[in-house]
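K.L.:
Handing you this structure, nothing more for now.
The values are calculated or read from the model by the stated rules, or taken from the named source; none is laboratory data. These numbers come from a predicted model, not from an experiment. Counting neighbours? That spans all protein chains shown, and the Cβs are built from the backbone with ideal geometry, glycine included.
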Amino acid sequence: MKDNIPSRSFPVVNVLLIIANLLVFAYGMTLGRHYEEFMYSNAVVPVQLVADGFTGEQLVRLTTAMFLHGGWFHLLSNMLYLWIFGDNVEGRMGHFKYLIFYLLTGYIATIAHVLTDPQSPVPLIGASGAIAGVLGAYLILFPRAKVLTLVFIFVFIQIVPIPAVVFLGLWFVLQLLSGAANLTSQAAQGVAFWAHAGGFVAGILLVKLFARREEYFNYQ
């Protein structure tokens, strides 16, 4: 639902990213039967990327794919995570550096997915990889934060403050296990778990380069 770390300043880039994702999705909904064509022409197709290399068109697709979503649940779940965790990471990096960090971890996440299935003809879309990078950065910058989470116990619903280390740690383990299962079966087909894992690791590794020095060391 939310974390317990207040935003230091208005997260203008984070808000603009959310608005951009919503607007792109809304535009896609106006296309009717041309929606799938629009998605395919702006998505990353692993087999095409491997064949073409990092051409201008493929570099554009690496960016546009991050703003495409396959449905309302895909969109809103991604935007919820970005809303909860992105504002604080932006506050520790600054607006411009946060934007570069977001895009860079998104690119790395996409490449991680392509490396695990380079011959796949299935288009890759979604902001999940870039958001996973934000989650990785959040884990390093705010290890003592708490995440207010809805927990369903049979018919009862509880709001539980879960330590960010536990919440994000379990999320990452789930991506690894699901990704491993995806390599050996078709059960998880359609979800780019290795993009999530790759973006998360990239966020952890790159946060020190992007966070303000005093901010990074204050939260170790």
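K.L.:
Between Gln48, Gln58, Gln119, which is of a type in the set (S, T, N, Q), farther than 29 Å from Asp3 by Cα and in contact with a strand residue (DSSP E or B) (Cβ under 8 Å, 6 or more places away or on another chain)?
P.N.:
Details: Gln48 fails: in contact with a strand residue (DSSP E or B) (Cβ under 8 Å, 6 or more places away or on another chain); Gln119 fails: in contact with a strand residue (DSSP E or B) (Cβ under 8 Å, 6 or more places away or on another chain).
Testing whether each residue is of a type in the set (S, T, N, Q), farther than 29 Å from Asp3 by Cα and in contact with a strand residue (DSSP E or B) (Cβ under 8 Å, 6 or more places away or on another chain) leaves just Gln58.
K.L.:
Would it be correct to say that Met66 is over 25 Å from Ala180 (Cβ atoms), buried (at least 16 other Cβ atoms within 10 Å of the Cβ) and modelled with pLDDT of 95 or more?
P.N.:
Working: over 25 Å from Ala180 (Cβ atoms): no; buried (at least 16 other Cβ atoms within 10 Å of the Cβ): yes; modelled with pLDDT of 95 or more: yes.
Judged against the criteria, Met66 is not a match.
K.L.:
Mind checking which residues of the range 32-91 are in contact (Cβ under 8 Å) with a residue 12 or more places away in the chain and part of a loop (DSSP other than H, G, I, E, B)?
P.N.:
Of everything in the range 32-91, those that are in contact (Cβ under 8 Å) with a residue 12 or more places away in the chain and part of a loop (DSSP other than H, G, I, E, B) turn out to be Ala43, Val45, Leu68, His69, Gly70.
K.L.:
As an exercise: evaluate Thr184 against (1) without any contact (Cβ under 8 Å) to a residue 40 or more places away in the chain; (2) closer than 30 Å to Leu209 by Cβ and give the number of the one condition it does not meet.
P.N.:
(2)
K.L.:
Can we say Ala26 is surrounded by fewer than 18 Cβ atoms within 10 Å (Cβ to Cβ) and at pLDDT 95 or above?
P.N.:
On the way: surrounded by fewer than 18 Cβ atoms within 10 Å (Cβ to Cβ): yes; at pLDDT 95 or above: yes.
So Ala26 passes the test.
K.L.:
Same structure again: When you scan the range 136-155, do you find a residue that is touching a residue at least 60 places away in the same chain (Cβ under 8 Å), over 26 Å from Lys208 (Cα atoms), among the β-branched types (Val, Ile, Thr) and not in a helix (DSSP H, G or I), even just one?
P.N.:
yes
K.L.:
For Asn14, all conditions in the list (1) polar (S, T, N, Q); (2) surrounded by fewer than 11 Cβ atoms within 10 Å (Cβ to Cβ); (3) touching a Gly at 6+ places or on another chain (Cβ under 7 Å) hold save one; what is the number of the exception?
P.N.:
(2)
Quick grid of which residues meet (1) of a type outside the set (A, V, I, L, M, F, W, C); (2) over 20 Å from the mean Cα position of the chain (by Cα):
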{"residue": "Leu22", "(1), (2)": "no, no"}
{"residue": "Leu31", "(1), (2)": "no, yes"}
{"residue": "Val50", "(1), (2)": "no, yes"}
{"residue": "Thr55", "(1), (2)": "yes, yes"}
{"residue": "Phe67", "(1), (2)": "no, no"}
{"residue": "Asn78", "(1), (2)": "yes, no"}
{"residue": "Asn88", "(1), (2)": "yes, no"}
